[in-house]
Amino acid sequence: MSGLTSFVGRLFITAVTCGIGYVAIEETYGDQLYSPVGPVFFIGLIAFFISGMCMAVFDMCSKTILHCFVADEELGTGYADSKLSAYVDKYGSEEDTDSSDDGGGEA
């Protein structure tokens, strides 16, 4: 799920950057260029790689927060947010959800 979020974030950042680049090029050099597609393509290419670096930092931060929460739960220090603890307690682990999805009957 985090990989999908990272990829969608990269595409969104790239699209917004290309849109701003297109408007800026049209306003500034619109009468001097045949088409702004070439420069916007290179802007998008650069934006895609730079947004990948930014999303990698975001991905690492979200994983770090999750690891800290799990460590806090295991150590029992009580620093974890009560809302997040209630959410985890309510939905449980993967083993709990997998066993409840089998329909309740045994073969």
Criterion: modelled with pLDDT of 90 or more and within 25 Å of the chain's Cα centre (by Cα) - qualifying residue of I13, I65:
I13
Criterion (charged (D, E, K, R) and at pLDDT 85 or above) met by exactly one of D59, D101, D31
D59
With the first residue restricted to the range 1-19 and required to be under 16 Å from I50 (Cα atoms) and among the small types (G, A, S), and the second required to be at pLDDT 85 or above and assigned to a helix (DSSP H, G or I), Cβ contacts under 6 Å at 6 or more apart or on different chains are S6/M55; S6/D59; G9/M55
List pairs: first residue in the range 29-42 and β-branched (V, I, T), second residue assigned to a helix (DSSP H, G or I) and surrounded by 11 or more Cβ atoms within 10 Å (Cβ to Cβ) anywhere in the structure, Cβ distance under 7 angstrom, at least six positions apart or on different chains.
V40/C18; V40/G21; V40/Y22; V40/I25
Which of the residues spanning the range 12-68 are surrounded by fewer than 15 Cβ atoms within 10 Å (Cβ to Cβ), of a type outside the set (G, A, S) and not in a helix (DSSP H, G or I)?
D31, Q32, L33, Y34
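The values are calculated or read from the model by the stated rules, or taken from the named source; none is laboratory data. Just so it is clear, the model here is predicted, and its values are computed rather than measured. For neighbour counting, all protein chains shown are included, and Cβ atoms are generated from backbone atoms with ideal geometry for every residue, glycine included.
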